[in-house]
Structures are given as C-alpha cells and as structure tokens.
Protein chains: 6
Amino acid sequence: MRIDGRKNDQVRATKITRGYTKYAEGSVLIEVGDTKVICTASIEDKVPPFLKGQGEGWITAEYNMLPRSTGTRKVRDISRLKIDGRTMEIQRLIGRALRSVMDLKALGEKTIWIDCDVIQADGGTRTTSITGAFVALVDAVNKLHKEKPFDVYPIRKFVSATSVGILNEEKILDLCYEEDSKAKVDMNIIATDEGEFIEIQGTGEESPFSRNDLNDLLDLAQKGIKQMVQIQKEALKMDSLWIGTGGK
Amino acid sequence: MRIDGRKNDQVRATKITRGYTKYAEGSVLIEVGDTKVICTASIEDKVPPFLKGQGEGWITAEYNMLPRSTGTRKVRDISRLKIDGRTMEIQRLIGRALRSVMDLKALGEKTIWIDCDVIQADGGTRTTSITGAFVALVDAVNKLHKEKPFDVYPIRKFVSATSVGILNEEKILDLCYEEDSKAKVDMNIIATDEGEFIEIQGTGEESPFSRNDLNDLLDLAQKGIKQMVQIQKEALKMDSLWIGTGGK
Amino acid sequence: MRIDGRKNDQVRATKITRGYTKYAEGSVLIEVGDTKVICTASIEDKVPPFLKGQGEGWITAEYNMLPRSTGTRKVRDISRLKIDGRTMEIQRLIGRALRSVMDLKALGEKTIWIDCDVIQADGGTRTTSITGAFVALVDAVNKLHKEKPFDVYPIRKFVSATSVGILNEEKILDLCYEEDSKAKVDMNIIATDEGEFIEIQGTGEESPFSRNDLNDLLDLAQKGIKQMVQIQKEALKMDSLWIGTGGK
Amino acid sequence: MRIDGRKNDQVRATKITRGYTKYAEGSVLIEVGDTKVICTASIEDKVPPFLKGQGEGWITAEYNMLPRSTGTRKVRDISRLKIDGRTMEIQRLIGRALRSVMDLKALGEKTIWIDCDVIQADGGTRTTSITGAFVALVDAVNKLHKEKPFDVYPIRKFVSATSVGILNEEKILDLCYEEDSKAKVDMNIIATDEGEFIEIQGTGEESPFSRNDLNDLLDLAQKGIKQMVQIQKEALKMDSLWIGTGGK
Amino acid sequence: MRIDGRKNDQVRATKITRGYTKYAEGSVLIEVGDTKVICTASIEDKVPPFLKGQGEGWITAEYNMLPRSTGTRKVRDISRLKIDGRTMEIQRLIGRALRSVMDLKALGEKTIWIDCDVIQADGGTRTTSITGAFVALVDAVNKLHKEKPFDVYPIRKFVSATSVGILNEEKILDLCYEEDSKAKVDMNIIATDEGEFIEIQGTGEESPFSRNDLNDLLDLAQKGIKQMVQIQKEALKMDSLWIGTGGK
Amino acid sequence: MRIDGRKNDQVRATKITRGYTKYAEGSVLIEVGDTKVICTASIEDKVPPFLKGQGEGWITAEYNMLPRSTGTRKVRDISRLKIDGRTMEIQRLIGRALRSVMDLKALGEKTIWIDCDVIQADGGTRTTSITGAFVALVDAVNKLHKEKPFDVYPIRKFVSATSVGILNEEKILDLCYEEDSKAKVDMNIIATDEGEFIEIQGTGEESPFSRNDLNDLLDLAQKGIKQMVQIQKEALKMDSLWIGTGGK
C-alpha cells in the first residue's frame, strides 16, 4: 500500500477547471492530488524572429513555482537574476511536448504562450503542467477556430503526461512528492492518446536500472497516460471533437 | 450609476479564503470583485543582515502578477532581468503597511515573508494585496503564538486598504480597472481599524486636485476602510481576538 | 527651535543655479540646505515604443545618488545589477510630477529625459529633485520654443515639492536628514503654483496619524510650496513668462 | 549507407587524449568524429552550502560551446546575461550522470567541478561530454587516491553515453549534426559498463514513436555504449583498475 | 595655434576645490578646462576577501559619467545591466595608479574607495580623475593620520596624469575633446613628482607611430606632469608635507 | 638565466596551427610556450548600428579564458553575470590592435568577429591572442578575397604583440606567468612589421620606472616583435602576399 493509500497503478484524484481566469484565451486550473497548477494559453499575433515570414506558428512555454508552493519558501528567480536550471528544463519540455502534436503551418503566424504557474507542489508538477496546458491550448485554439475556422484544424492529437518510478522495489504510477523524493528511479512519460511516446525522460541518479525495469515502468506509464487522456476528454467534452480531424 | 452597478461609496464584493494552500504558515485567497490575489505569509528563523543581533524581527513583502492576470500578457520580470518599477513600488508599500502595525521587538528575531501573487487583476491589486496579506500575517503569527505564546502578542492593530478616485467629476470608492484607467485622480489609502492613516498616496497625474476634493476623497476612503476591516474580522473570527491586546 | 535653528514653518536656504553644465538643454544645480542635486533635461527626437505615431511626447526621469552623497558610502546599483527600490520609486515620482503639468500633445513627438543626480544628500532629495528638475525642464522647453515656437506652449503650470512631518509632536516643514530619520510621520507634497495637489505621499510607518494631523500637515505643506514656487520664479525670471499661457 | 559512410550501428571514430592541459587534475580532449570537447575535472576542498558538514562530496558540471564551435557564430551567454536553456539542460545532465556512479560519501567533503567546453560541434556534444568527462573524473580521483588512498575508492562504475535516432525510417547510432537535424526521433542514452541505464531522454518532437521503435533504439544504444566504454577503458588502461573495486 | 588658443605644450586652466562635499573623508572637485570631475575618497574598515588577515590595505576606484556630462545623453550602465568597457578600463587604471604610490602595509587593513564621477566631459576625464583623486586620497589619509598617526605615513609619492597626442602632425599636450577626437595618436601618461612613469598607454588606432614620435610625446608629457603636480601641491599646501617622508 | 632557461631577449617556442577548427572563416591555435589560445575570425554580413549605411566595416573581439586554463579554476563570467574587468580590457585591446591595420572602408559593410579563447594560460595571453588573431583574420579576409576580390585588399600591415618587463633588475622579453607575477614593471607592445607602435601599455604598479628603463624595454620589445612577425609570415606563407599591397 502506498503512502496515500493508492494502488501502484493508480493516478491521483485529478480535476481540471476550465475558464479559471477571465483574460487568457485558455485558462485552466489542474489539480492532481495536492499538486495545483494554473495553466494559461495566450495568443499573440506574431512569431519569434527565427520564424518570421515562414507562414508558420510557434508555441512557447514558461513555468514557474510561486515562492510558497513548496514546503520551504523558494526565492524568486528575479531576486537571483537567474532562471533556475530545473525551471528552464521544465519549460523547454512543456514547449516541446505541445509543439509535437501541433500542425504549426496550419496555425499560421501566431505564437501561443503557455504559462504554467504552480500554486501548490506535491510531486509531478511538470507532467501536471503538460496535461493541464494541453487543455488550455485546446481552448485557445478553439477560440480562434470559432472566430474564423482554420483551413486545417491545427491540433493533431491529445498529449498527456505522467510519472512512474521505483520505490522500495515497487514500480508505482504518478508519484507524489514524498514518494518522488525517495524513489531510486524516476521517469516522466509524455504520450499521445494513441499511446505513442512524445518524450521519455528516465533518471536513475540514485541507482541505474535494467532493461526489464524499464519495460515494467513503460507498461505502467501507458496505463497512466490512458487515464489522464480520459480526464482531459471529460473536461473538454464536445470541445475536443476537432482534435485530429483537421477541423472538418 | 457606476460601470458595474455599484453606488459611489460601495466596495466590490469581497471574499477571503483562509488556508488556501497547504504549506505556508498563512495562506489566503482574497477576491475583491474580479481582482484575485494569493497572499502567503512564511516564517523564517533569521533576520536580514542589517538587523542581526538586535532582538527584533522583520516583515518583507514581494508582489508579482502572473503573466496572464491582465488583459494582454505581461512579460515576466526574469525575462527582462529587471523588476518592474511599479512592482517594486507596490511591494515596498505592502511591507511598510504591515510593519506599521507590528511590534517587531515582540516578534523577535524572525522574518515574515509576505508573497502577494496576483492571479487576476481588475484594479486595486495593491490595496487588495494589503488587505489579504494582513489576514495571512495574522494566521502565521497565531501559528507561532499557539505553539509558544509570545510575551507580547506582536500585532497591534488591523490594517486594511482601499482606493478612491475622481471619475467624471464623481468621487468613487474602490475603483475597478476600467474606472481606474479613466480616473483623473487616484488615491490609495491604508489605515487601521481605528481610522488612523498609515499611508496615503494620491496622484493627480491627469489633473491636479484641490484641498476640497482631497477632503471628500478621504471621507469616502474612511468609509471603505471600515468595510474592509469588517470583512477581515469576519474572515478571522476568533482568530483576531489577540490583535491589539498584547496577547493577554 | 529646530536642530538647525529654523522655525517649524520655514524652508531651508535654497539656491538654484541655471546653466550648471554646458551640454544639457536644461541644467540646474539646486541646493536646499545641504541637499545638492544636479538636474538636467535632455531632449531626444523620438518617443518610447508605446507612444510611437501618436503625435504625443513623453517625459521620463532617472534619479541617482553619487556613492558618497551620503554619510556612509552607498554601493552603486550597477555593482549589484539591481536598481534600488527607493531609487525606482523616486524616479517614477519625478516623472509623474513633471508630466502632470505638461501638455504632451503640444510637446509633440519628443522625449525629455530628466536626470537628477544627488551630489550631497541631507534629507528631501526627492522633493528637491522635483523642484530643480522643473527649472531644468523650463530651460529645455524654452530652448525649443526659441528655436521654433510651439503652436501651444507645453508647460501649463509650475510644479514644486516639499516635505512635512511630525517630530516630537511638532509639525515641521522641509525636514533635513536628521529630522527625517526621527520623524514619526513623513509626507511629501507635490503641488502647482495655484496650490493644487499633484501628488501626496504620507507615511506613518512608525505610527499612524489622524485626520487632524493630516490637515495640519497639509496647511504647512501649502505654505512651503508657495515659498518654493517663489524661488523657482526668481531663478527663471522672464523665462517663466510663457508658463500657463499657451505661449501667446 | 549513412551520410559519412558508416553502418547504422557504427559509432564515429573516437579518440580520447588524456592530460590535454596542464593545470586541471583531470584534463581530456575527446573527439567523436568532428565533435571535439575539452573536459576537465577540478578538485575543490569544500562543498556547496546545502551539503556543508554532512561528510559528503559533490560533482557539478558546466558545459559551454565556444562561439565558433558551430556553423554560425553563437553569441556568448555573458553578452545576453542569460545561460542558454539548452546549455543549462546539458550541464545538469552531465552532473547527474557522473554523480550516479560516484560514492559521494567515500569522496568526502570535496567538490569536483567538471567543465566541458565544446571546441567543435558536429552532433552529440552532450553524450561526448559525458564520455570524456568520465575519463577526466577518473584521472582527478586517481590523483587524490595516489596522494592519499581513499578508504573506499569512490567511483563505482563506468559511465558512457551515446545517441540513437530514426532518420528516413532507419534506426541509426551516434548521429552526426546533419543526421540529428533531420531525424524525427532523437534519443540520448547514458549507461554503465554493465549495460544498466542511468538516464534515457527520448524526444519525438517531429513525430511520436511507438513502443517497438523504442525497443529497437534501445538495442542499438546498448551496442553503442559497449563500444564507448571499451574506448574509455583503452584510454585509461591500468588507471581504470580501481573502478568498482572500492579501491582494494 | 590650438583650437582653444593654447600653445602645444600648455595644459588647460586647472582648478582643484577641496572639501567639495561634506561626508567623504576626501572630496575634491577638479576642473581641467571644461572637464569637471568630483573625486571622493571613502575609508572602510575592512579589506576585500583576497586580502583578509594579511595586515595590508587596498585602494579601489570606480568611475562614472553622469548621463549628460557629454554632448549626447549616455544611457546609464544600470539600464543596460552592463558596465561600459571603457568605464571598466578607466576605473582599473585609476586604482592601479593610486596603489602604485601607496605603502599598503603601512595603511593597514583598510580599504579606500575612490569615486570619480564626471559632471562634464571635455577630454582627458581619466587623467583628470587621477590627478583629482590623488588630492582626495591625501585628504582622506591625512584625516586618519591626524586622528591617530600611522607608524609609517603611507603615501610615498605624488601621482599625476596628463595626455599627449599627435594632431595634424603637431604634438600637443592635454587634449580637449575636439582635439582628442581628431588626433591620430593618443597617449595617457601617469607619473610621479620625480618624473618616473607609473603607467603609459599610447594608442595609434588611426595610425601607428614611430619611436621618434614616442620620444617627443614623452618629453611633452613630462612637462605636463610637472605642471599638474605643481597644481596639486598648491591645492594641498601644508597638507602635502608628509608625502614621501614616512610621516616623521 | 631565466626560469625556463631562456636568454633575456628570447621569445618562447611559438607554434601557429591554421585551420584548427572547421567552421570559422579563420581558425588558429597559437602556442607561445605553454600559453595556448584558439583564435577564430568569423564574418558577418552586417555592421553594428553606429556604422549602418556608412559603407564601412568593423572588427570586434571577444576574449575568454576556459575555467581551468589557469592554476586555480576561474568562475565563468556568466555565473557572476559580469564580465571580468581584465577580460573587458583585453578584448578592447585586441579589437583596437586589429582595426589599426585594416582599411575598414575597403572591407565594406561586414563585421569580423574575433574570438580568442584561452585553453591554457602561462603568461602573455593578451599578446599571444593578438599575434594569433591576426593570422585568423588574414585567413578570413583571404577567404572573402578568393571568392570575390576586394577592390582594395583591406589588410595594410602585419600586427604582432609581445611583452617585456623588469624582473630582478633584468630586462626580459616575453614573460611567462611566473616571471610576470614577480616583475616590477610589465609592458605590452603591439607593433607592425615595420616596427611602428600600435599600442604601448606599460605599468609599474609595483614600482615606477625611468625614461632609461623604458628605452631599454622598447629596444627589447622591438626585437621580440620582429621574431613574432617572422613566425606569422612562416605560418601564412604565400597567403600573406597581399598584405599591404592593396591586393594588386
């Protein structure tokens, strides 16, 4: 039995609240257990310099933790004039994950800014951010699509994320902070609703892991991804119908 | 009649949720109309260098707006490597306001970090932050007091804040964003539950104002402060009993 | 009797030297007691991005203290890579004060940079900066007006500033550093030559103050403003004639 | 046949030059095809604050590319006052990889600084850095061990890294830059000499990949790791004998 | 005849005002023609980390130009978050020049901070800064010496600086800005009252110069240094008597 | 006899390897004794803002030391967010030296970026950088000239650099680190192949030096420059033929 009574292959109670704040084109509060993240998607009518004039859009992500989202207060990056290395790593991951399911040509010369601000952190903030940000992205894209339909609807697939790990020789799904801090292997999996991998990041900093361990973890992760996609679909309901259809 | 149907001397619907996040010693979500701010109070067992060894505590505040708390996305300070001037001004104001009602000797060698993170901005974020942060501060101080009673309970008074302004020749209380952006005079008032002023900041950037205007605005502000203190008291209930008593 | 022998309602000996340095369009050394500030006004033929193409000008201010303008050496901002919060607050205040008496449409697409560099600080550097910067601004604007008359002369009023405070239960005008550091209430007043308020900033960090105290302080401040405007007029003499006339 | 004539499962010609510069405790030039990295290991007799007094050591890594290590000149981080996100990600990866095979307790209160400076980049700079840095680390640790033998020799295993990817439906090992820039899946594998995984990072930004693809890529990667470890062993010869023995 | 009517071997009218501001231990306004610099010397009772516990003092210098000390407004370093390269070069030069005539052992564990803030720049600001800073340094050291005599008086020699250059084939002394901007060779000379060189910096960016040219320029410079030292001596009068005597 | 067995007027063994890395238009490894610097020249088809539209080119230089190029590890500038003052000084010097022999009009609207990255530092890194960078510059310019001949070949002269100093009353040429750290006078000389001076920087921080000392040092330096130019010529061989001819 796990710390919080879950089974090894069970994700935490997850809740997605759409329209959480009023200004952003997409705005979601996602709660996975005690991990809570505000994810917004903002549309800007221009692209970064390296894409100018290529008829293609861009998605970029920023991630941040409120100072007291954690057990001890975290100094704000601006006080140190440096972005935290972990923050940098995570926001690059979120950006890659969302771009992987987008048809950026179909989006056209727009940038979608994803902001994931962690209000409360209890493990899995990066995977939670991706799962929530995808829903905010759908809302923002649909807002555009309803105003003026895209020739090709630019979201091709669902993308969802979860974590798996090895703790006390048990392979477990969706680690909370206490589990994560003791796990000897820790893996984040980002995948589509069809079960294909978008990104796999597995670390055995404490102890290397075998090919067999890896296989078991991937089985577990795919189970988790299925559950998370299901939750996204329920949150989006009819608003997810265009995904993967090209908008027809 | 005002934009949102209020009377000139009416504050917006205000809601204070205590215990909003689980780690901070004090954690409050304050909503004043559509303005929403998470205020946390975190206790640290040391003081800044300039106070070391003087047996006195400190309160410092940081303020920040989430990028999409506003109508157009605001670039994060860390991306520009500079704290926004307005942000700096506001966080200094919050710190001064809270310190003014504290007996820092009684607090002892501790720092209380106040974090005000604006989730949604619709005018009055600085006054809302002060009103909410005070409640978070009380919760944090009471947590200490319950663990080990202070010799002298360090909070001496309530502190609350509101805004007043002149719009279309009308003097109005608690301006929302749309009112604020058109007002020719804009004033923030921070005061105690006894109606004494802690800080007055009035600006007539668009047009200077007379002594009579000032008097009218102060009347209105004092009315508003009374209402805000009342809301704080209701939120805190029994937990506000020690304030001003020295803890006996 | 005050520390330096002044009466409660007396400002310090004030001297304004115009044309203090040779390059700036307006350049003033202002001395208020031992507080000495070099104020320059520089004209640039473009406006910040947010004003581009709107046919309107801008005034922006920067404030800085020389490292040894104070009793102990102040580390330069560049060494810490951060602008001091107090500096930020003051330079924003100076900018707002000067803009409030300007017709920015009449100025046209120009930026006037105000630089206030404190050579010696003995209290009241922010109010001294405003009083001196106004004179530098007039010189710079007149330089333009003499080269090519404005359709509407863009300076509408005089603006001047002073401080008041409560020290040992006495209400006093124009505090020097020693008074300021002990005062329980401290207020900066910026006003026009007609006695209207442009900005009021009153702080009772040490102890809240009543409505009656406020009224007394405002009476005193208005007396001080009158004296400061008089000194500005004497310094500018004939060069102040256009102010408020629209240049006809 | 691949761009450079290699077979799909063939790594590039690899050369490790030890003692490349004279000051560092370990100093290696590693060349994998046209990718060239200087890796140094520097010993410092203290640990970072978070480890102080715990009797444990630390390994930290920094990675950088010379401006003209790439086809177009890369602006130095210091000119932008920001560490490149990719750089941050890579240096964190190198640090984790090396720490994973170290007994930090056995090392004692020392920090080993790993510096990987890329002289010429032709794909795989992060995996090349890890492979080379491990050799520099061994040299630095052996220098300490020869001066004063450790109770327990702190390096437990070899660590080596390589990349695999899918290009034109072919699965290939050790991608050069041209292959990497066109590959639809790109994976970096860090593993021990026993074939256990330390870190897996696979990205299908261009296109998600299946569980079968993943398995094929892992087979290929394990082949590559074996070759890289062999090259490390040949470079180190007798100097690798202590690894994994505890130093007896 | 030169632009300003001087002879080729003539320095500009120079004026040194001691005690220019009231807080610094040494405070000088130096005017060399239209170049005006405030030089202060501030004493701090500790040394930088690299000197701690060695019984030796330190002198460090900072140099800055007020934004409007020049013909067009210079953006403040803090706005760009970078110290200007030229500024860095100059402040290092001032520090080296003053340390070269100091007995830092005799000074003891103190740091003297030299601040040179240029109010108006008309060529030769670096040499003017050195000449003026030396006088401020003497005043600061004498203040210490009068309070508590040094065992050995720590200033060993006078140090003074001037510039020379080649303009229109003429070799000229003490270049003003207009001359400097057109000169093909430009040299700064720092020397003692005994005519020995402390630093020579000669640049022929526009055109290389011969050994003969160099000799002529050095002759001219030595003439100029003599004049500058004389002016320093007149400014210091009796207060320069200890220099070079060890204080007996 | 000197530390490393050289005669007083002997430069260290020097080796210049052209084409050291494959991407840069000019790429040189220069070794002067144990000092090793990678110098690259990169061509960019635009000029800095201050030169736009003037039909003139620019050369700019950056200098950096790898962290472990020195005896103790040097913290990277980016970790401190500040360029080292010495680094700034050196890179400005390199830029000036190379520009002094270039016909920037003839170059046309291009920027040549010189990067000098020190791999191993054993004294004289700035002079070594200049000597090596010149060769990289020639290679880059010749690459352009071979693609499309310049109307006027833009390199007018050779430029080379060396150091001289006084150690134990001996005047010596080309100081290694150990000599440099003990020398009482230290001078860097940059000159053309015709023996004309481009820049002279002599410092007697430890002790002032006489005119006679200076003359002896310049004699020695001119001997050294001759040797360094000879080495450049041998490295460049036929590729140096255009220099100073205007390309005909």
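The values are calculated or read from the model by the stated rules, or taken from the named source; none is laboratory data. Keep in mind it's a predicted model, so treat the numbers as computed, not measured. For neighbour counting, all protein chains shown are included, and Cβ atoms are generated from backbone atoms with ideal geometry for every residue, glycine included. What goes into the accessible areas is simple: the full protein's heavy atoms, side chains included, and nothing from ligands, DNA or RNA. Shrake-Rupley method; radii C 1.70, N 1.55, O 1.52, S 1.80 Å.
Here is how the numbers come out for the structure above:
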{"quantity": "Percent accessible area from carbon and sulfur atoms, segment E:1-151, protein chains only, probe 1.4 Å", "calculated": "51"}
{"quantity": "D:Ile189 accessible area, 1.4 Å probe, all protein chains in place, Å² to nearest 10", "calculated": "0"}
{"quantity": "Label distances, nm, E:Ser207 versus same residue in remaining copies, Cβ-directed 7 Å point", "calculated": "3.9, 6.6, 6.6, 7.6, 7.8"}
{"quantity": "Members of segment E:69-98 that become less accessible by 30 Å² or more once partner protein chains are added (1.4 angstrom probe, chain alone as reference)", "calculated": "E:Arg73, E:Arg76, E:Ile78, E:Ser79, E:Leu81, E:Lys82, E:Ile83, E:Gly85, E:Met88, E:Glu89, E:Arg92, E:Arg96"}
{"quantity": "Residue among A:Thr87, A:Thr128, A:Thr192 with the largest mean-square fluctuation in a Gaussian network model of chain A, springs linking Cα atoms under 10 Å", "calculated": "A:Thr87"}
{"quantity": "Distance between modelled label sites at E:Gln10 and C:Leu51, nm, 7 Å Cα→Cβ extension", "calculated": "4.6"}
{"quantity": "Scattering curve values for chain D, log₁₀ I(q)/I(0), Debye with Cα scatterers, q = 0.12 Å⁻¹", "calculated": "-0.68"}
{"quantity": "For F:Glu170, inter-copy label distances in nm, listed shortest first [label point 7 Å out on the Cα-Cβ vector]", "calculated": "4.7, 6.2, 7.6, 7.6, 9.3"}
{"quantity": "DSSP beta bridges in segment E:1-132 [antiparallel fraction, %, rounded to 5]", "calculated": "70"}
{"quantity": "Sulfur and carbon atoms: percent of accessible area, segment F:181-229 [1.4 Å]", "calculated": "41"}
{"quantity": "Peptide E:191-201, shielding by other chains (average Cβ, 10 Å cutoff)", "calculated": "5"}
{"quantity": "Reachable aspartates and glutamates, given that their alpha-carbon falls under 12 Å from the alpha-carbon of C:Lys237 and they are not under 8 places away in the same chain", "calculated": "C:Asp139"}
{"quantity": "Most positive-pole-ward Cα, A:Ala24, A:Gln120, A:Ile190, against dipole of segment A:14-240 from beta carbon charges", "calculated": "A:Ala24"}
{"quantity": "Selection from A:Gln227, A:Ile94, A:Tyr177, by position along the positive dipole direction of chain A (Cβ)", "calculated": "A:Ile94"}
{"quantity": "Per residue value of the accessible surface for segment F:3-152 (all protein chains in place, 1.4 Å probe), Å²", "calculated": "35"}
{"quantity": "Measure of compaction for segment B:1-135 (Cα Rg per 2.2 N^0.38 Å)", "calculated": "1.15"}
{"quantity": "Among D:Val118, D:Val47, D:Val141, residue whose mean-square fluctuation peaks in a GNM of chain D (springs only between Cα atoms under 10 Å)", "calculated": "D:Val47"}
{"quantity": "Shielding by partners, peptide A:205-216 (average Cβ within 10 angstrom, other chains)", "calculated": "5"}
{"quantity": "Exam field: D:Lys46 pseudo-label spacings to other copies (7 Å along Cα-Cβ), nanometres", "calculated": "1.4, 1.4, 4.4, 4.7, 4.7"}
{"quantity": "Relative contact order (%) - criterion: Cα under 8 Å, at least six apart; region: chain C", "calculated": "22"}
{"quantity": "Segment B:190-248 and segment C:127-150: distance between their alpha carbon centers, rounded to Å", "calculated": "39"}
{"quantity": "Interface area, A with B, accessible, probe 1.4 Å, both sides summed, Å² nearest 100", "calculated": "2900"}
{"quantity": "Computed Kirkwood radius, in angstrom, where 1/r is averaged over Cα pairs of segment B:53-118", "calculated": "13.3"}
{"quantity": "For segment D:14-240, share of DSSP beta bridges that run antiparallel, in % to the nearest 5", "calculated": "85"}
{"quantity": "FRET efficiency estimate (nearest 0.05) - Cβ-Cβ, A:Glu170 to B:Asp216, R0 56 angstrom", "calculated": "0.20"}
{"quantity": "Assigned charges on the beta-carbon of Lys, Arg, Asp, Glu; chain D dipole about Cα centre (debye)", "calculated": "600"}
{"quantity": "For segment A:161-248: span of alpha carbons on each principal axis (Å, largest first)", "calculated": "49, 25, 16"}
{"quantity": "Given C:Lys82/F:Lys82; B:Lys223/C:Lys226; A:Lys82/B:Lys82; D:Lys7/F:Lys22; C:Lys15/E:Lys74; E:Lys110/E:Lys143, the pairs whose alpha carbons are separated by over 22 Å", "calculated": "B:Lys223/C:Lys226; D:Lys7/F:Lys22; C:Lys15/E:Lys74"}
{"quantity": "Mean Cβ count within 10 Å, highest first, over the residues of peptides B:169-177, E:232-240", "calculated": "B:169-177, E:232-240"}
{"quantity": "For the B-to-F rotation axis, chain B residue with nearest beta carbon and its distance in angstrom", "calculated": "B:Leu81, 4"}
{"quantity": "Partner aspartates and glutamates for B:Lys46 [C-alpha distance under 17 Å; skip if fewer than 8 residues away on the same chain]", "calculated": "B:Glu25, B:Glu56, B:Asp103, B:Glu109"}
{"quantity": "Antiparallel %, DSSP beta bridges [both residues in the protein assembly as shown], to 5", "calculated": "85"}
{"quantity": "For the protein assembly as shown, fraction of C-alpha pairs farther apart than 44 Å, in %", "calculated": "54"}
{"quantity": "Debye-sum result for segment E:66-191 in log10 I(q)/I(0), which assumes one identical scatterer on each alpha carbon, at q = 0.09, 0.18 Å⁻¹", "calculated": "-0.33, -1.03"}
{"quantity": "Mean Cβ neighbour count within 10 Å, used as a protection proxy, ranking E:32-39, F:158-165, C:201-208 highest first", "calculated": "F:158-165, E:32-39, C:201-208"}
